[in-house]
Each structure stands twice: as C-alpha cells, then as structure tokens.
1. I need the full set of residues from the stretch A:33-67 which are away from ligand 2 (no atom under 16 Å from the Cβ) and in a strand (DSSP E or B), in order please.
2. Only one of these conditions is not met by A:Glu243: (1) modelled with pLDDT of 95 or more; (2) assigned to a helix (DSSP H, G or I). Which number is it?
3. Just wondering, is there one or more residues in the stretch A:10-22 that are within 18 Å of the chain's Cα centre (by Cα) and either more than 16 Å from ligand 2 (Cβ to nearest atom) or not in a strand (DSSP E or B) (or both)?
4. So which of B:Gly98, B:Gly62 ends up being on the phi > 0 side of the Ramachandran plot, touching a residue at least 24 places away in the same chain (Cβ under 8 Å) and out of contact with any His (no Cβ under 7 Å at 6 or more places or on another chain)?
5. What are the residues in the stretch A:85-109 that are facing chain B (nearest Cβ under 7 Å) and assigned to a loop (DSSP other than H, G, I, E, B), if any?
6. Among the residues of the stretch A:16-41, which ones are over 22 Å from A:Asp63 (Cβ atoms) and within 13 Å of ligand 1 (Cβ to nearest atom)?
7. Within the stretch A:42-76, restricting attention to residues that are near ligand 1 (Cβ under 9 Å from one of its atoms) and away from every other protein chain (no Cβ under 14 Å), which residue is surrounded by the most Cβ atoms within 10 Å (Cβ to Cβ)?
8. (1) without any contact (Cβ under 8 Å) to a residue 60 or more places away in the chain; (2) over 29 Å from B:Ile218 (Cα atoms); (3) within 11 Å of another protein chain (Cβ to nearest Cβ); (4) of a type outside the set (S, T, N, Q): which one isn't true of A:Glu124, the others all being true?
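The values are calculated or read from the model by the stated rules, or taken from the named source; none is laboratory data. These numbers come from a predicted model, not from an experiment. Because the Cβ atoms are built from the backbone with ideal geometry, glycine has one as well, and the counts that use them run over all protein chains shown.
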Amino acid sequence: MALLDIFNLTKNFDGLVAVDNVNFSVGERTITAIIGPNGAGKTTVFNMISGLGKPTSGSIIFDGLELTKVKEYKLCGMGIGRVFQIPKIFGELSVLENVMVGFHAQTRSDLVKTGLHLPSMVREENMIREWALKKLEMFNLLESEEKLAGTLPFGNQRLLEIARALATEPKLLLLDEPTAGLTPAETEVLKNRILTIRDSGTTILIVEHNLSMVFSISDHVIVLNYGKKIFEGPPTLVRRNPEVIDAYIGRRGLK
Amino acid sequence: MITIRLLLRGLFHKRILTGVGIGVLLVFPFIFSREYLINVSIFTGIFVVLLVGLSLFIGHVGQFSFAQAAFYGMGAYTSSLLTTRLGVAVWLGFLAAGALPGLTAYAIGSLTLRLRGYYLAMVTLALCGIFHVFVTEQYSITGGPSGVYGIPPLSFGKIRVESAASYHYVVWTIAVLSLIFSRNITKSRVGRALKAIEGSEDAATVLGIDVSGYKIKIFTLTGVSAGIAGSLFAHYVTYIAPGNFTLDLSIWLVVILAIGGVRNISGVVMGAGFTTIFPFLLGPYQKYNMLVFGIILVLVLMFLPGGITGVIGRKIEGAKAKLLV
Ligand SMILES: Nc1ncnc2c1ncn2[C@@H]1O[C@H](COP(=O)(O)OP(=O)(O)OP(=O)(O)O)[C@@H](O)[C@H]1O
Ligand SMILES: [Mg+2]
C-alpha cells in the first residue's frame, strides 16, 4: 500500500506552471527518487508535500489523510520530515539545540510552563537532551555538540539537518539534493546512511542529480521536465527511456 | 595581582552580578530614604515590567510594536476605573489590568502577525492614536483630559501597600519575577523555537513549530506585562491622565531597547533606569529631549549594533578569555 498518493498536483506562480498535473505514489518503506533538469519543479513538489505553499489544485493523500487541508506546521507531527536543498540549520543555536528543536512536535511545554520553570518542563527538557545526544552520536557529531551550528563545515551541516529531521520521527523523509556540495567520500557515507534510514522503516523520497547514486539506491524513479511527469518506473527502465535521456540524462551524461 | 584578577573574574560572573543587584534592591529603601530616590527605583521597576515583554518581542520575533503606551494606559485605566467607579477589589482590578491589554494584543496579533510584512508596526501606531482619542474624548467613562483621581493604593486582601518603601518591594518583586519568567522562556523549548523561527521560518515550520502562533503568544505577553505595569503605575501615583500614555512613550521604549540591547536582561534594566532618569538629566533643557534622544539613537545604531549591553557583553567575553589564559 502506498504511503503517499499525489493526484493531479499543480502549482502556478503567476503565469508560470511550475508543477503541471503530476500524479505519483510512494510505496511504504521504499526509496523513491524524483529527477529532472533544473527548474523542473522538484523542490516545488517537496514544498507542497511539506506544507510550504499550498497547491493551486490537486490533492496529496498521506497515510490516508488529505494534506492540503491540514495546517502547515501540523504535518511534522503527522510524520513528514524535510531536509532542504540548501541546509537550513539554525546557526545561532548549538548543534545539540538544533536536534532538540527536532523534538518540538513531540513535546508540550508552552509559554507558561517554561516561564515558570515547572518540574514537568525540566523533565521534558532532560529527556529530549538525552534523545538528541543519541541522534548526534548516530551521526558522529557528538564532539561538536556545544558548537554553534553555523560554525560546522558544510558536510556536517547536511548531516546535522538530517539528524534534526530524523528527530521528528518521520514516516516519510523528503531529501532535496542531499549530496550537493559533498565530496565523493562524504557522498558514499551519506548513501549508506540513507539505506540505513530506509532499513529502519522510514520511507524516503529523494531529489538528486547524482544519477549513479539514484539508480543504485532507488526502488522507483519519477522524472519531471518543465513541471510535467514525463516518465516513471524502476531505475533499469528509466535509464533506457529515450525521452528521459533526451530531456535529462543525455545532457548530463551518466557519471 | 592574583586577587585583583579573581575579583575581576568574579565581577564578570552573571550570578554574582545578579546577586549584587538583588542585594542592592533589598537594602535600597534603608540606605536611600529620600522620597525621590525611592521614586526613581519604583519607576525603574515599573518600566522593567513595561519593557520585559517588548524586549522578548523585538529581540526574538524581530518586529517593532508601538502599542506599549496604549497597553500601559489600558492597564492603568482598567484597574483605576474598576476600583474607583465600580468599587472592585484592587487585586481583581490588577488582574483585569493584565488581561484586557493581553486580549487586545492577542486580537491584534492574530490579525496582523499571520501576514508576512510589518503590518504590526503600522497597526500599533494607529492603536496608540485611537487609545489617546478614546480616553480623551469618552469623558463619561474615562474622565477625559482631566483623568482619573483618587485611585486607591495597591492592596492584596487586608495588606495595603501604602508607603513608598513597601511599594518598592512589591514593584521589584514583580519586576524580578517577570525578568526571571522571560529568561526562563528564552532558555527553553519556547526560546529554541523562537530562535529557530528567527533562523528560518520554513525550517521551523517543517519541524512542527507554529510560527505565527508563537509570534502572537509573545505579542500577547507584551500586552499583559504592559497592563500590569500600568496598574502598578496608577495605584502608586493615584492620579492618571491621557498625557501619561502617548505615542512618544511607545517610540521611546522601542528606541531605548535598541540602545540598551534587546537580547539582554541588563539591556531591559538599563533601559528602564534611563527612561526614569532621562528627564532629570536634561533638567531645564527638557524641551530638547527628543532631539538629544534622536542623536543618541543614531550614534548607537551607527557604532554599536546590538546595543550597549551587546558591546559590553563582547568586551567582557574578550576580557574573560584573556584573564583565563
Ligand atoms: N516562490 C516562487 N515564485 C515564483 N517562481 C518560483 C517560485 N519557486 C519556484 N519557482 C519557479 O518554479 C520553477 C520550478 O522551480 P523548482 O525550484 O521547483 O525547480 P527544481 O526542479 O527544484 O530545480 P533545481 O534542480 O534547480 O533545484 C522554476 O522555474 C522556478 O523559477
Ligand atoms: Mg530544487
């Protein structure tokens, strides 16, 4: 059964049709990739799934629920995690605090509880500090725990953002070009992490220009061009499809 | 040499500074028994309460609000009118004084803070104008330009707070508690959420943070704290008039925070102290106060971004680093 079903999804930016009547499904516990040239509408699709900008029309069904009617900040609690194309870590917070923010939707201390420093709030605070430390340990970021996140090298900012997104315990994780700007070695590490995340039960939807990685890890590939879906299928079929080669692969060549 | 170093390091320590501050507040009425000095301390305390919510809002939401004088006035008028006209118990009037501006702030925030852009600044400028017209012209309710007289002193049950010294303790208890409250907020889940929003509203949203909800909550807090300050003011001076709550004050408060530094408790306390003594400092040159103030503001914005406390904070960090070597 599919975890995510997208029907006739369309997004207009005054005149420009960035996403044009797109349909696809993402099966539970799979890795599904969206590929396509620059400006094809990949990030715009991610934005609509994660609540940053309502679709012009169409519907997004996640876990049996229509998302387009849900308040944007509630999507996280429903199980949608998102990592941005350009890392959006919180530079003024420490590395540990960044991950602690990831537990926001699972905790409750509000203005009054935190202002009064109530015991329940202190307990919650200690609990998520523990959880966040575990996440940092998983990503080998423990020694940078106290540093301001803005001072981390680029590759580690990427990892931190993924660790933070995993803290929300997503059922579906959206990764937007996670290997952009990484060295080949870092890319290899990240690839294995993505597989581990999938094995632990999280469904992954990934936008990626590194095609050899896409074809080696994905179960299913969707190809967008000028906002339209031009093809979808397993990697073996996608890499041989003439239209896809013409629109995208041909121009880039397969690394 | 070593002892001097230790002493310096001690002085730089926040806890020790706080301890010294609280010690001074405790003995203040005994050492400075002159009425006008106690008044300086009381008004400083009231201004701390007035500024504390605003500093959270400017420092952590990053927008300007010019509603502070109106909320302050609303609090002052609410508890004055309830206690003088309707004979409501003072402590109830005091609570209502926090609630009414709080609700007003919530309503204004809900309408403006969901939009992108700086609508709130404009709407709050207008609110000050509307409030002033209302209290000046609705003679039958507010007493019009001549204001409200004979406001009873604060009392909680049988305990009446009449002497200046006892008022000093009440005001500063509330002021210190509100500073602690705001500090606790910034050091917790809510504070992290606010910093996250500041870093990236999109990233905050996908992590489950209700961005406009938090902005509205913090703005509501500016209303509640200003209202409480207004009530403390009214029950101390026992006479209020529209002239106490004009737009000048709102602008002054925003600017004084920019000068003092919005992110620090010491910025709030310095701002409150400066608000109290500025009129005295200028003495006969009071009519130039806005000019002098304007010049100070420009200089600070040009040379001390982050405010005075921001700069002192960095200097102290630097000195500490050297001393620790
Ligand atoms: N907020 C916006 N306002 C107007 N146009 C936009 C907006 N966001 C995206 N677009 C346009 O929509 C189209 C699709 O953009 P999108 O960012 O989704 O592409 P993409 O497939 O992610 O490209 P890339 O591989 O470069 O990241 C582009 O033409 C872009 O200029
Ligand atoms: Mg993109």
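1. Selection gives A:Ser57, A:Gly58, A:Ser59, A:Ile60, A:Ile61, A:Phe62, A:Leu65, A:Glu66.
2. (1) is the only condition that A:Glu243 fails.
3. Checking the stretch A:10-22: not a single residue is within 18 Å of the chain's Cα centre (by Cα) and either more than 16 Å from ligand 2 (Cβ to nearest atom) or not in a strand (DSSP E or B) (or both).
4. Residue meeting the stated conditions: B:Gly62.
5. Applying the first criterion (facing chain B (nearest Cβ under 7 Å)) to the stretch A:85-109 yields A:88, A:90-93, A:97, A:100-102, A:104-105, A:107, A:109.
Within the stretch A:85-109, A:Lys88, A:Phe90, A:Gly91, A:Glu92, A:Leu93, A:Gly102, A:Thr107, A:Ser109 qualify.
6. A:Leu16, A:Val17, A:Ala18, A:Asp20, A:Ile35, A:Gly36, A:Pro37, A:Asn38, A:Gly39, A:Ala40, A:Gly41
7. Within the stretch A:42-76, the match that is surrounded by the most Cβ atoms within 10 Å (Cβ to Cβ) is A:Val45.
8. In the conditions (1) without any contact (Cβ under 8 Å) to a residue 60 or more places away in the chain; (2) over 29 Å from B:Ile218 (Cα atoms); (3) within 11 Å of another protein chain (Cβ to nearest Cβ); (4) of a type outside the set (S, T, N, Q), A:Glu124 misses (2) alone.
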